[in-house]
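Participant: One structure is given below, represented as structure tokens, and several questions about it will come after.
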Amino acid sequence: MAKTKVLERKPLTFAEKTFIPQIASGLATTFSNIFKKSVTLQYPEERPVIPENYRGIPTLVKDPKGRVKCVSCQLCEFVCPPKAIRIKPSEIDSDENPDRAHIEKEPSAFDINMLRCIYCGLCQEVCPEEAIFLQDEFSLSGYSREEMVYGKDKLLELGGTLPDSHYKWDKKKEAEDQPFAHH
Amino acid sequence: MDYLSLLMPVVYALLMISVFMTLCAYTVLAERKVCSYIQGRVGPNRARIPIIGHIPIIGNILTRLGLFHPAADGLKFLFKEEITPGHVRLSYYYLAPIVALVPALTTMAVLPFGRYFDANGVVQPLILANVDIGILFILAVSSLGVYGIVLAGWASNSKYPFLGAVRSTAQMISYELAMGLSILPVFLWSAAPGSDYGLSLFGVVQSQQNLWLILWQPGSALIFLVALFAETNRLPFDMAESETDLVGGFHTEYGAFKFGMFFIAEYAHIIMGSAIFVILFLGGWHFLPGIADPWPSGILGIMMSTVWFLFKVFAMIFFFIWMRWSMPRFRYDQVMHLGWKILLPLAIANFIFYIFVISIFDKLTL
Ligand code: SF4
Ligand code: SF4
């Protein structure tokens, strides 16, 4: 059994019973507060500092050479808990994009319903191509439900370009072009 | 000539009402600003009136100080939808905001706010109606304001307003006594035998030329101040509203302009209360204790005395606001306890003490 220790509470002194010293000290505190700097952030003009690894809205990114990284493997669609993502895979036209023909697939439609998204970040975690990232955008609005379903163009625009250290598809292509390629 | 003498008081009265209402509006702004500074915020700083607000530097400063907000607030109250709940007692429901506002504006008539010298070189007060029962008039009329609250609470026909109204009635009655008793010593002193001022407020100010009453009657001042806070329903005594337990108190069922009138009335009472405290205890328009009237006698002197008086009133208003954002609310039984068991006996003791002091003083000097 834990031991309870009863603390003695001192009876109020006469001065304390009149409240007056307490009120005076309270007034002094509030008065000194008047001259302190305010902590308000003037929101639309001033933006809060967004920490690294912040989970804003999910966005699609391009690699530094301006190519869409997503290969429509649909892992994100599968993992998304609230089923916010809808992807329509299609083939890459090998005549139009000869240097990307070996990638085979890209999404022709990629919709994320921002009203369903819970910002869990699972899509970012599961993506094998590092093509989808939750970035620093956090305030979205729209006049209708349809407007809140962000399509591929919008997601790419929001995502922008992120640095890439692998250039996976370039390496793949190189390897493929070598004689006796084994991949 | 005759018409002019009839017309001038009306013009003066209208002028004073408009100044007073502007003051009310800016007191609301002051409340919002001071409270936000105390809480580490910036307060209202967005409203901007087209032309004035766009003058390069000044416009920005005015906007940041929120000086256009009172106008915006007033317009908002005017243009909101007037909602009358279905369960109210109609005529009383409409009457209540008027009854709340009128007393505060009426007491203004007997408030001296400056001085001038008349043709014979005698000091006269700047006042709408120089009656010699000034304080009696103010006490009588200003406590009518509670009828507004009671009517609002009863006419709203719903429980929270009713509770707020009942509480504030009880509170008013309890503190009125202490208030009346606490200013008796003041008039015991100012309306000394042989003086012709009676109960007029001008007399009180004139009697404080050398020594402000707060300096040698701090007891009266303190009791009066506490009672004043209670009478104006300000925190720590805002039993009538107490948002935390009564939603909005007596004006829960009111919206739009009717709510605006209650709101203005509350601040009108604060301004009146501050002005009366300044007149009774802080020497009115006298400069400092000992230096009564260093101002020239012409129009400049009139303006300076008025400005100095207003400055003191603003300081008091600031004190009211400052107090509100420093103190928690009393519990209802504590309010009653303080009123009946502490302030009332104190006020009586204070009165008796100063009866002795003043009568001994009179014996010695005569
Ligand atoms: S963040 Fe979570 S909820 Fe939003 S799209 Fe990605 S997986 Fe779905
Ligand atoms: S974003 Fe990533 S996980 Fe989703 S379909 Fe594209 S490549 Fe696959």
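Participant: Return the sequence-ordered ³J(HN,Hα) values of the range A:99-104 in whole Hz as given by the Karplus equation 6.51 cos²θ - 1.76 cosθ + 1.60 applied to θ = phi - 60°, using x for Gly and Pro.
Facilitator: Result, ordered by residue: 6, 10, 4, 5, 6, 6 Hz.
Participant: When a/c reaches 1.5 or more, the comparison of a/b and b/c decides; with that in mind, is the range B:245-366 rounded, prolate or oblate per its Cα gyration tensor?
Facilitator: oblate
Participant: Please give the charge dipole size of the range B:181-300, origin at the Cα centre, charges +1 on K and R Cβ atoms and -1 on D and E Cβ atoms. Round to the nearest 20 debye. Spell out each step's value before the answer.
Facilitator: On the way: 2 positive and 9 negative charges, 69 e Å.
For the range B:181-300, the charge dipole is close to 340 debye.
Participant: Taking only Cα atoms and a 10 Å spring cutoff, compute GNM fluctuations for chain A and point out the largest among A:P82, A:P98, A:P128.
Facilitator: A:P98
Participant: Here's another thing I want to ask about it. Which ³J(HN,Hα) values, rounded to whole Hz and listed in residue order, are derived for the range B:335-346 from phi using the Karplus coefficients 6.51, -1.76 and 1.60 in 6.51 cos²θ - 1.76 cosθ + 1.60 with θ = phi - 60°, glycine and proline given as x?
Facilitator: Those phi angles translate into 4, 5, 4, 4, x, 7, 8, 10, 5, 5, x, 4 Hz.
Participant: Using θ = phi - 60° and the Karplus relation 6.51 cos²θ - 1.76 cosθ + 1.60, list the HN-Hα couplings for the range B:207-221 in order, rounded to whole Hz, with x at every Gly or Pro.
Facilitator: Listing the rounded values in order: 6, 9, 4, 9, 9, 5, 5, 5, 6, 10, 10, x, x, 4, 4 Hz.
Participant: Among the DSSP beta bridges whose two residues both lie in the protein assembly as shown, what percent are antiparallel, rounded to the nearest 5? Before the final figure, lay out each step's value.
Facilitator: Values: 17 of 18 bridges.
Expressed as a percentage, antiparallel bridges in the protein assembly as shown total about 95.
Participant: About its Cα centre, how strong a charge dipole does the range A:58-167 have in debye, to the nearest 20, once Lys and Arg get +1 and Asp and Glu get -1 at the Cβ? Numbers along the way, then the final one.
Facilitator: Working: 13 positive and 20 negative charges, 74 e Å.
It works out to roughly 360 debye.
Participant: Here's another thing I want to ask about it. Averaged over B:252-265, how many beta carbons belonging to a partner chain fall within 10 Å of each residue's beta carbon? Let's see the in-between values first.
Facilitator: Working: counts 0, 0, 0, 0, 0, 0, 0, 0, 0, 0, 0, 0, 0, 0.
Mean partner-chain Cβ count within 10 Å for B:252-265: 0.
Participant: Continuing with the same structure: Within 10 Å of each Cβ in B:319-330, how many Cβ atoms from other chains are there, averaged over the peptide?
Facilitator: Values: counts 1, 0, 0, 5, 4, 1, 5, 10, 6, 1, 0, 1.
For peptide B:319-330, the averaged partner shielding equals 3.
Participant: Return a whole-number percent for the relative contact order of chain B, with Cα pairs under 8 Å and 6 or more residues apart as the contact set. Mind showing how you got there, number by number?
Facilitator: Values: 516 pairs, mean separation 77.1, N = 366.
Relative CO of chain B lands at 21 percent.
Participant: Shifting gears a bit: Could you give the DSSP H helices of chain A that reach 18 angstrom or more along their long axis (alpha carbon positions) and whose average Kyte-Doolittle hydropathy is no lower than 0.5? Kindly include the intermediate steps, with their values, before the conclusion.
Facilitator: On the way: long enough: A:20-34 (21 Å, 0.78).
Helices meeting the criterion: A:20-34.
Participant: Comparing A:E46, A:E91, A:E137, which has the greatest mean-square fluctuation in the GNM of chain A with Cα pairs linked when under 10 Å apart?
Facilitator: Among A:E46, A:E91, A:E137, the largest GNM mean-square fluctuation belongs to A:E46.
Participant: Another question, if that's okay. Search the structure for amide H atoms under 5 Å from the amide H of B:R234, placed 1.01 Å from N in the peptide plane, and list their residues when 5 or more places away or on another chain.
Facilitator: Here the answer is none, since no amide H 5 or more places off falls under 5 Å of that of B:R234.
Participant: Another one. Could you pull out every residue, at least 5 positions away or on a different chain, whose amide H is within less than 5 Å of the one on A:K105? Hs are placed 1.01 Å off N in the peptide plane, and Pro or chain starts have none.
Facilitator: Amide H to amide H, under 5 Å and 5 or more residues apart or across chains, A:K105 pairs with A:I92.
Participant: By the scheme Lys and Arg +1, Asp and Glu -1, what is the net charge of all other residues having a beta-carbon under 15 Å from that of B:H286?
Facilitator: Numbers: positive: B:R115, B:K312; negative: B:D293.
Summing Lys and Arg as +1 and Asp and Glu as -1 gives +1.
Participant: What share of all Cα pairs of the range B:86-365, in percent, falls into each consecutive 5 Å distance bin?
Facilitator: 1, 6, 12, 16, 17, 15, 12, 9, 6, 4, 2, 1, 0, 0
Participant: FRET efficiency for A:K36 and B:A349, Cβ-Cβ distance as r, R0 = 41 Å, nearest 0.05?
Facilitator: On the way: r = 42 Å, r/R0 = 1.01.
That pair, A:K36 with B:A349, gives E of 0.50.
Participant: Now for a separate question. Per residue of A:26-34, count partner chain C-beta atoms within 10 Å of its C-beta, then hand back the mean as an integer. List each step's numbers first, then the result.
Facilitator: On the way: counts 6, 6, 1, 2, 11, 4, 1, 6, 9.
Rounded to a whole number, the mean comes out at 5.
Participant: Any chance you could get the radius of gyration and Dmax over the Cα atoms of the protein assembly as shown, in Å?
Facilitator: Rg and Dmax of the protein assembly as shown, Cα atoms, are 35.1, 128 Å.
Participant: Among B:V99, B:Q39, B:L23, flag the residue with its Cα farthest along the positive direction of the charge dipole of the range B:1-127, charges on Cβ as +1 for Lys/Arg and -1 for Asp/Glu.
Facilitator: Farthest towards the positive end: B:Q39.
Participant: Computed FRET efficiency, Cβ-Cβ of A:E146 and A:K65, R0 30 Å: what is it to the nearest 0.05?
Facilitator: Numbers: r = 33 Å, r/R0 = 1.10.
Given R0 = 30 Å and the Cβ-Cβ separation, E is 0.35.
Participant: Quick one, what does Rg over Rh come out to for chain A if you take C-alpha atoms and the Kirkwood Rh?
Facilitator: Working: Rg = 28.6 Å, Rh = 21.4 Å.
With Rh from the inverse mean 1/r over Cα pairs, Rg/Rh is 1.33.
Participant: Cut-off 10 angstrom, C-alpha nodes, Gaussian network model of chain A. Which of A:L75, A:L122, A:L27 fluctuates the most?
Facilitator: A:L27
Participant: Could you tell me which of B:G114, B:S274, B:M336 has its Cα farthest along the dipole of the protein assembly as shown towards the positive end, charges placed at Cβ (Lys, Arg +1; Asp, Glu -1), taken about the Cα centre?
Facilitator: B:M336
Participant: Hey, rough spin-label estimate for B:D293 and B:V122, points 7 angstrom out along Cα→Cβ, what's it come to in nanometres?
Facilitator: Going by the 7 Å Cα→Cβ label model, 1.2 nm.
Participant: Given 10 Å bins starting at zero, what is the percent of C-alpha pairs of the range B:1-79 in each, up to the one with the largest pair distance?
Facilitator: The calculated distribution, bin by bin, is 17, 34, 27, 14, 8, 1.
Participant: Using a Förster distance of 22 angstrom, determine the FRET efficiency expected from the C-beta separation of A:D170 and A:E91, and round it to 0.05. Present the calculation step by step, with values, prior to reporting the outcome.
Facilitator: Details: r = 20 Å, r/R0 = 0.92.
Here the calculated transfer efficiency is 0.60.
Participant: Starting from the amide H of B:Y254, placed 1.01 Å from N in the peptide plane, find each other amide H under 5 Å away whose residue is 5 or more places distant or on another chain.
Facilitator: Long-range HN contacts for B:Y254: none found.
Participant: If you don't mind, another one. For the range B:38-144, place one equal point scatterer on every Cα, skip the solvent, and apply the Debye formula. What is log10 of I(q)/I(0) at q = 0.15, 0.16 Å⁻¹?
Facilitator: After summing over all Cα pairs, the log10 values are -0.96, -0.96.
Participant: Among B:V11, B:V226, what is the fewest-to-most ranking by other Cβ atoms within 10 Å?
Facilitator: Values: B:V11 10, B:V226 22.
Final ranking by Cβ density, sparse to dense: B:V11, B:V226.
FYI, it's all coordinate maths here, none of it is from the lab. None of the values given here were measured: they were computed from a predicted structure. Counting neighbours? That spans all protein chains shown, and the Cβs are built from the backbone with ideal geometry, glycine included.
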